[in-house]
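A quick write-up on the structure given underneath.
The values are calculated or read from the model by the stated rules, or taken from the named source; none is laboratory data. Since the model is a prediction, treat every value here as computed from it, not as a measurement. Cβ placement follows ideal geometry from the backbone for every residue including glycine, while neighbour counts extend to all protein chains displayed. The protein model used for the area step is the full one, side chains on, heavy atoms only, and it has no ligands, DNA or RNA in it. Shrake-Rupley method; radii C 1.70, N 1.55, O 1.52, S 1.80 Å.
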Amino acid sequence: MDIQADNGADSSADSTADSATDTGAADSTAESSTGAVSADQARIALRRVKDPELNLNIVDLGLIYEVTVDGSTVRVDMSLTSPGCPSGPEIMSEAEEQLRGLPGVSDVVMNLVWSPPWTPERIEPRVRAYMGF
């Protein structure tokens, strides 16, 4: 598993994170003739990964900042609810496992980012309402 950490040195992450849930328009098409997975298919797979403490999937929680697909490689920028999240390694391993299980995926790069920091505002609005936020 390739895990990289970003301590926020790249300020461009701030400007792209707000649109991260809507990114991947070019990658969101159905499988190409080469059998490559799309960013939307990768996001659907990531919905199967739940935060064990909250029992909510990591996409709806807003932990997935960006998903990009380059051929058979899927790259994911994600965060955790806090730097000291005790479930972090478990969540990241499960996310990688779900992505590697997709047909056409040969490599997964999980990039743990802290900028911008995760806040409850990143949670999907319908889930936020359910949680009482």
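Table for the structure above
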item: Residue ranges of strands (runs of 3 or more DSSP E) in region 62-133 with at least 1 members open to solvent by 60 Å² or more (accessible area, probe 1.4 Å) and at pLDDT 95 or above; result: 64-70, 73-78
item: Residues that are more than 21 Å from Leu56 (Cβ to Cβ) and in contact with a Gly (Cβ under 9 Å, 6 or more places away or on another chain), drawn from region 108-133; result: Ser115
item: Among (1) at pLDDT 50 or above; (2) open to solvent by less than 80 Å² (accessible area, probe 1.4 Å) - the single one Ile3 does not satisfy; result: (2)
item: Whichever residue in region 50-61 is outside any strand (DSSP E or B) and of a type in the set (D, E, K, R) and, among such residues, is nearest to Ala95 (Cα to Cα); result: Asp60
item: Pairs, first more than 17 Å from Asp40 (Cα to Cα) in region 84-112, second assigned to a strand (DSSP E or B) and open to solvent by less than 20 Å² (accessible area, probe 1.4 Å), C-beta under 7 Å, six or more apart; result: Ser87/Asp51; Ile91/Asp51; Met92/Met110; Asn111/Val76; Leu112/Met78
